[in-house]
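Please read the structure below before turning to the comments.
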Amino acid sequence: MITLFESGQHKSFLFNDLSMGSMVQANQHIIVHGGEAMMLDPGGHKVHSQLFAQIASAVPMRDLKHIFFSHQDPDIIAAANAWLMMTDAQAYLPSLWMRFIPHFGVDELVISRIFPIPDEGMTIDVGGVGLKVIPAHFLHSAGNFQVYDPESKILYSGDLGASLGAPYDRVENFDEHIQYMEAFHKRYMPCGKALKMWAAMARELEIEMIAPQHGAIFATPELAQRFIGWVETLSCGLDLMGDRFVIPA
Ligand SMILES: [Fe+2]
Ligand SMILES: [Fe+2]
């Protein structure tokens, strides 16, 4: 567990070593304020059992009142039922995915505790602090949100800013870090327009740190701005594809 922010009653913790075997490395975040906690993108079943045990070192389980799902991927939501059964937390999910999640086996007893996030986003009150759930649609999922914490000024960017295989937790040298992000962004992100829309919004935020759901964090305002500048001009997805798909021989 890594403490990303601590000031008075506001704390932010990162769990980044719970993935195993062939599963993609994923980060789990917890934001604590005023006796309540929100967990971001809790991950799948194997992560669940470990995280449930470790979480107690950061926060009493009864304080876990909110669970945020940025989108519908299995590395986000596969253990939704277990989390809802073992806590009394409310969960928040992009409205676009509400009818799909029951296919993961979410029990009828707890499904009423999953609330849809409208397309325009929302503010979630966690122990008295308003966490901004901001739209980042198509980055990479069609219904996709990020969380901005105005107290710590951390932007939790989900799959945007993800890196795979970097041998460190915090980016030190942005240029050397590009090699761990580039292939992922070029294939999973849909097109430059979505990236430009996001960059324009991100520039309106005061950002101390960008914390993605995979890989290393951008832990200074300078590195956060380097990332925004890099992704803003990146060609990706459809930009890089030809005019037609080709039937395999
Ligand atoms: Fe994803
Ligand atoms: Fe992911």
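Only the coordinates and a few stated rules stand behind these numbers; no lab work does. This structure is a prediction, so every number in the text was calculated from the model and none was measured. Cβ coordinates were reconstructed from backbone atoms using ideal geometry, including for glycine residues, and neighbour counts include every protein chain displayed.
Worth pointing out:
- Dipole magnitude of the chain, debye to nearest 20 (Cβ charges: Lys/Arg +1, Asp/Glu -1, about Cα centre): 380 debye
- Between helix 45-55 and the chain: long-axis angle, C-alpha atoms, 0 to 90°, nearest 10: 60 degrees
- Between helix 192-202 and the chain: long-axis angle, C-alpha atoms, 0 to 90°, nearest 10: 50 degrees
- For residue 202, net neighbour charge (Lys/Arg +1, Asp/Glu -1) across residues whose Cβ lies under 11 Å away: -1
- Residue-averaged [θ]222 nm for the chain, counting only DSSP H segments that reach four residues, each worth -39500 (n - 2.57): -7500 deg cm²/dmol
- In order along region 84-92, the Karplus-derived 3J(HN,Hα) couplings, from 6.51 cos²θ - 1.76 cosθ + 1.60 at θ = phi - 60°, round to 6, 6, 9, 9, 10, 5, 8, 10, 10 Hz, and Gly and Pro are given as x.
- Amide H contacts under 5 Å for residue 117: 93, 95, restricted to partners 5 or more places along the chain or on a different chain, H placed in the peptide plane at 1.01 Å from N.
- Ordering of 71-84, 116-129, 227-240 by burial proxy (mean other Cβ atoms within 10 Å per residue, highest first): 71-84, 227-240, 116-129
- Along region 161-171 the Karplus relation, 6.51 cos²θ - 1.76 cosθ + 1.60 evaluated at θ = phi - 60°, assigns HN-Hα couplings of x, 5, 9, 10, x, 5, x, 7, 8, 10, 5 Hz to successive residues, with x for each Gly and Pro.
- Cα centroid separation - region 155-204 against region 229-246, whole Å: 14 Å
- DSSP beta bridges fully contained in the chain are about 65 percent antiparallel.
- When the Gaussian network model of the chain links Cα atoms closer than 10 Å, the mean-square fluctuations of 214, 45, 29 top out at 45.
- Rounded to the nearest Hz, the phi-derived 3J(HN,Hα) couplings of region 235-249 under the Karplus curve 6.51 cos²θ - 1.76 cosθ + 1.60 (θ = phi - 60°) are 8, 8, x, 4, 4, 9, 8, x, 8, 8, 7, 10, 5, x, 5, where x marks glycine and proline.
- Between 0 and 90°, nearest 10: helix 221-232 axis offset from the chain longest Cα axis: 50 degrees
- Amide hydrogen proximity for residue 157: with H placed 1.01 Å from N in the peptide plane, the residues at 5 or more positions away or on another chain lying under 5 Å are 211, 213.
- Highest-fluctuation residue, 181, 86, 39 considered, GNM on the chain with Cα pairs under 10 Å: 86
- For residue 27, the residues 5 or more places off, or on other chains, whose built amide H falls under 5 Å of its own are 214, 215.
- Potential lengthening of the chain between residue 56 and residue 168 amounts to 37.8 nm, from the contour at 0.36 nm per residue minus the alpha-carbon distance.
- Flagged links, alpha-carbon separation over 22 Å, of 11/65; 11/153; 46/186; 65/132: 46/186
- Springs between Cα atoms under 10 Å define the GNM used for the chain, and in it the highest mean-square fluctuation of 37, 142, 26 occurs at 142.
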